[in-house]
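**Student:** If you scroll down you'll find the structure; I have some questions about it.
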Amino acid sequence: MNTAIPKEVLLTATPLQNSILELYGLVGLLDPYCAISQIDTGSIAQFTNEIRASDRVKQFVKDFDDIAILEHYNLTQNNTLTNLGVLWLGTPQMRSRLVYPVTVQYLVYDELDKKVRKEEWLDYTQDPKELILDIEQKAVELTYFDELPQGFFRNKIPHYIKDL
């Protein structure tokens, strides 16, 4: 009976510090868990169509097929999603298997530097584009001011809500 088991070795230059998260992250490098075939083709088509529609992308990239575009942006490698690929194309369940979630904190301070509002995004439910759109919607203070140059400094000209 042949019980040959494939073996892989992972060398690290830093100690693991008795952290299960570090060990999990390193094992994830040895065991790619998300083949590109597990991704909905609609997600891939939507991503690549947005790349092709962008005026910031060079024409030679737009001419690539869908898989080549994903490889160009390091979303896939050897028909397996990279961590970046899981963030952009994966399901929330796939993103939850990453070691660390994308974390955003949005803080608002008043004129006296007192914190008046805090928003946090700490989950795996959104891909990066959905996350940015959600931040833009909830972070209304980002649209309150126009900044105009004034020497070495910038002068803030406030916008006011029309209903006020």
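Any read-out appearing in this document is the output of simple, stated calculations on the displayed coordinates, not a laboratory observation. Note that this is a predicted model, so its numbers are computed, not measured. Cβ atoms come from the backbone with ideal geometry, glycine included; neighbour counts cover every protein chain shown.
**Student:** Output the peptides 39-47, 66-74 sorted from most to least packed, where packing is the average of other Cβ atoms within 10 Å over each peptide's residues.
**Tutor:** Highest-to-lowest ranking by the protection proxy: 66-74, 39-47.
**Student:** Moving to a separate point now. Mind running the shape call on the range 63-148? Use the C-alpha gyration tensor, a ≥ b ≥ c as the square roots of the eigenvalues: rounded below 1.5 for a/c, prolate if a/b tops b/c, oblate otherwise.
**Tutor:** Cα axes put the range 63-148 in the prolate bin.
**Student:** Under 20 Å between alpha carbons, and skipping anything fewer than 8 positions from LYS114 in its own chain: which aspartates and glutamates qualify?
**Tutor:** In chain and number order, the partners are GLU141.
**Student:** How do the peptides 81-94, 135-148, 118-131 rank, highest first, by the average count of neighbouring beta carbon atoms within 10 Å per residue?
**Tutor:** 81-94, 118-131, 135-148
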